[in-house]
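Student: The structure follows.
Read the figures in this text as sums done on the coordinates, not as results from a lab. Keep in mind it's a predicted model, so treat the numbers as computed, not measured. Counting neighbours? That spans all protein chains shown, and the Cβs are built from the backbone with ideal geometry, glycine included.
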Amino acid sequence: MALLKSLPKPLVDPLVENNPITIQVLGICSALAVTVQLKQAVVMSCAVIFVLIGSNFILSLLRKGLPNRIRIIVEMCVIAALVILVDQVLRAYFFELSKQLSVFVGLIITNCIVLGRAEAFALGNSPGASILDGLGNGLGYSLVLCLVGTIREIFGSGTIWGFPLILKMGEWMGLSQSLYDLGYENMGLMVLPPGAFIIIGLYIWAVNVVSGRQGE
């Protein structure tokens, strides 16, 4: 905790205290759609972190000379350019993952977290602080995505990062049969969007209880 307190507030605050998903309730759509497997969640997280840092930095550099009447247009153009760059890199080097993520990489353009940080922070702060804010909000978003992705993959598919976790657990427990042979079945709900919705809802509830926000 002492280490966290020593770090800049724009980097630390979005991790728990002002998490973009659990507190601001932003970016929920992608959290429901791309968390069936941990690998997809990690790739989406990296994409959002890159776009957040890049857009915050660029818009912070432009903030003093940016006319207010075209502010939103410029923000959308900067974000769209970065998202297209991410999409092309995924298509070139991680084609299978790109197909699995489908349109959701492109929909980062409409992610409320990205545009929200541009409006709320980057246009009023220095490039250095804006980079930290983008990184912090990206990590806060990634924390929830990876947690949900881990739970959904384990209970929905019986794997973790493609490794057959549930199948191997019988061996690790010294059983002569696998858990599947003993009657264990994967939870079909976890591979559907409602499964992610339930997990995120429970996580938001737990965070609010621990932080004392449940009465607000």
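Student: Gain in length, Phe95 to Lys9, computed as 0.36 nm per residue apart minus the alpha-carbon separation, to one decimal in nm?
Tutor: This chain segment gains 27.3 nm when fully extended.
Student: What are the aspartates and glutamates whose alpha-carbon lies under 12 Å from the alpha-carbon of Lys99, with same-chain residues fewer than 8 places away excluded?
Tutor: Asp87
Student: If you don't mind, there's one more thing I want to ask. If we sort 40-48, 85-93 on the protection proxy, mean other Cβ atoms within 10 Å, highest first, what's the order?
Tutor: In descending order of packing, they fall as 40-48, 85-93.
Student: Residues with amide H under 5 Å of Ile160's amide H, sequence separation 5 or more or different chain, H placed in the peptide plane at 1.01 Å from N; which?
Tutor: Under 5 Å from the amide H of Ile160: Leu165.
Student: Could you list Val36, Val114, Val210 in order of exposure, starting from the residue whose Cβ has the fewest other Cβ atoms within 10 Å?
Tutor: Working: Val36 22, Val114 30, Val210 10.
Placing the least packed residue first, the sequence is Val210, Val36, Val114.
Student: Another question about this same structure. Would you compute, for the Cα atoms of segment 36-142, the largest minus smallest coordinate along each principal axis and list the three values in descending order, in whole Å?
Tutor: Its Cα atoms span 42, 24, 20 Å along the three principal axes.
Student: What nm distance separates the two modelled labels at Gln177 and Ile28, each placed 7 Å from Cα along Cα→Cβ?
Tutor: Modelled inter-label distance: 4.2 nm.
Student: Is the shape of segment 83-161 rounded, prolate or oblate, going by the alpha carbon gyration tensor and its root eigenvalues a ≥ b ≥ c, with a/c under 1.5 for rounded and a/b larger than b/c for prolate?
Tutor: On the way: a/c = 2.61, a/b = 1.55, b/c = 1.69.
Here segment 83-161 falls in the oblate category.
Student: Using only the C-alpha atoms of segment 163-216, find the volume of their convex hull and express it per residue in Å³.
Tutor: Dividing the Cα hull volume of segment 163-216 by its residue count gives 126 Å³.
Student: A further question on this structure: Candidates (1) 17.2; (2) 11.4; (3) 14.8; which is the computed mean projected area of the Cα convex hull in nm²?
Tutor: Label (3) holds the value from this structure.
Student: Identify the GluC sites (Glu not before Pro) of segment 145-195 meeting these criteria: DSSP loop state and at most 14 other C-beta atoms within 10 Å of the C-beta.
Tutor: Those that pass, being in a loop and sparsely packed, are Glu185.
Student: A further question follows. Give the Debye-formula value of log10 I(q)/I(0) at each listed q (0.17 Å⁻¹), with one equal scatterer per alpha carbon of segment 124-171, two decimals each.
Tutor: -0.60
Student: Restricting to Cα atoms and excluding each atom paired with itself, what does the Kirkwood estimate give for segment 116-216 in Å?
Tutor: Hydrodynamic radius (Kirkwood, Cα only) of segment 116-216 equals 16.7 Å.
Student: Shifting gears a bit: Report, to the nearest 10°, how far helix 71-93 tilts away from the longest principal axis of the Cα atoms in the chain, using its own Cα long axis and a range of 0 to 90°.
Tutor: Approximately 40 degrees, to the nearest ten.
Student: Run the numbers on the chain and let me know its relative contact order in percent, using alpha-carbon pairs under 8 Å that are six or more apart.
Tutor: Details: 270 pairs, mean separation 69.3, N = 216.
Reported as a whole number, the value is 32 percent.
Student: Taking the number of other C-beta atoms within 10 Å as the exposure measure, put Leu15, Leu145, Leu123 in order starting with the fewest.
Tutor: Fewest-to-most ranking of Leu15, Leu145, Leu123: Leu15, Leu123, Leu145.
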